[in-house]
Amino acid sequence: MTDGRLITGEMAEAKQVLDVTDIQKILPHRYPLLLLDRIIEFKRKERIVAIKNVTINEQFFQGHFPGYPIMPGVLIVEAIAQAGGALLLTEIPDQNEKLMVFAGIEKAKFRKPVVPGDQVRLEVDVIVWRNTAAKLMGKAFVGDKLACEATVSCQIVPRPAKPENS
């Protein structure tokens, strides 16, 4: 870890299974917007498989929808993007100084509602990888049923400096 990265792609690939503590060393997201609980497969610059355990305690279920709680589709796509970010940020030399942000969402399709008690398996494959941007194909499954699929594009941008008082 002499080059400043907290977890490198090489480290993650060797470990394969990463828990939420490992994920927080890669992604800047925190509760309530960290949408990954575990990474169960990691192949550098190619593929990642992550798990999101969906519980009734999620904040969004309070209003989406009372009496019929379903996970918002945009958050499923966000979880796909976070999995891709966990894969790709490990390849960025100055990871602590960068963020990966959405550049586009294409062909998003929602096939099955995700509800409390579901375990979502996020499978994300790299279509195009560059040092400053990537295009990823993601699928979200509940069991063997496809719940969502989307192609997401992301870009690496400088992380804003923290205010001195924080």
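The values are calculated or read from the model by the stated rules, or taken from the named source; none is laboratory data. On a predicted model such as this, the values are computed, not experimentally measured, just so you know. No Cβ is skipped: glycine too gets one built from the backbone with ideal geometry, and neighbour counts run over all protein chains shown. Only protein heavy atoms, including side chains, enter the accessible area calculation; ligands, DNA and RNA are left aside. Shrake-Rupley method; radii C 1.70, N 1.55, O 1.52, S 1.80 Å.
Below is a table of values for the structure above.
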quantity	calculated
Filtered residue count, the range 39-53, keeping only those that are part of a strand (DSSP E or B), over 13 Å from LYS15 (Cα atoms) and either in contact with a His (Cβ under 6 Å, 6 or more places away or on another chain) or among the basic types (Lys, Arg) (or both)	2
Residues of the range 56-78 that turn out to be more than 20 Å from PHE110 (Cβ to Cβ), touching a residue at least 12 places away in the same chain (Cβ under 8 Å) and not hydrophobic (A, V, I, L, M, F, W, C), as a count	1
Scope the range 54-97; condition assigned to a helix (DSSP H, G or I), among the polar types (S, T, N, Q) and surrounded by fewer than 18 Cβ atoms within 10 Å (Cβ to Cβ); matching residues	GLN59, GLN62, ASN96
Residue check, GLY138 out of contact with any helix residue (DSSP H, G or I) (no Cβ under 6 Å at 6 or more places or on another chain) and either in a loop (DSSP other than H, G, I, E, B) or open to solvent by less than 80 Å² (accessible area, probe 1.4 Å) (or both)	no
Unmet requirement for VAL114, which otherwise passes all of (1) touching a strand residue (DSSP E or B) at 6+ places or on another chain (Cβ under 8 Å); (2) assigned to a loop (DSSP other than H, G, I, E, B); (3) within 30 Å of GLN62 (Cβ to Cβ); (4) open to solvent by 50 Å² or more (accessible area, probe 1.4 Å)	(4)
Flag if THR132 is of a type in the set (Ser, Thr, Tyr) and open to solvent by 70 Å² or more (accessible area, probe 1.4 Å)	yes
Condition met for THR55 (at pLDDT below 95, among the hydroxyl-bearing types (Ser, Thr, Tyr) and either touching a strand residue (DSSP E or B) at 6+ places or on another chain (Cβ under 6 Å) or over 18 Å from LEU136 (Cβ atoms) (or both))	no
Residue selected from the range 1-10 under the condition open to solvent by 20 Å² or more (accessible area, probe 1.4 Å) and touching a helix residue (DSSP H, G or I) at 6+ places or on another chain (Cβ under 7 Å), by the criterion nearest to VAL128 (Cα to Cα)	ARG5
So LEU33, is it open to solvent by 20 Å² or more (accessible area, probe 1.4 Å) and part of a loop (DSSP other than H, G, I, E, B)	yes
Failed item in (1) among the small types (Gly, Ala, Ser); (2) more than 14 Å from LEU87 (Cβ to Cβ); (3) within 13 Å of the chain's Cα centre (by Cα), with GLY138 passing the rest	(2)
Residue within the range 11-20 that is closer than 26 Å to VAL128 by Cβ, at pLDDT below 90 and not in a helix (DSSP H, G or I) present	yes
Residue check for ALA150: within 14 Å of LEU27 (Cα to Cα) and modelled with pLDDT of 95 or more	no
Meets criteria (among the acidic types (Asp, Glu), touching a helix residue (DSSP H, G or I) at 6+ places or on another chain (Cβ under 9 Å) and either closer than 25 Å to GLN59 by Cβ or open to solvent by 30 Å² or more (accessible area, probe 1.4 Å) (or both)) for GLU123	yes
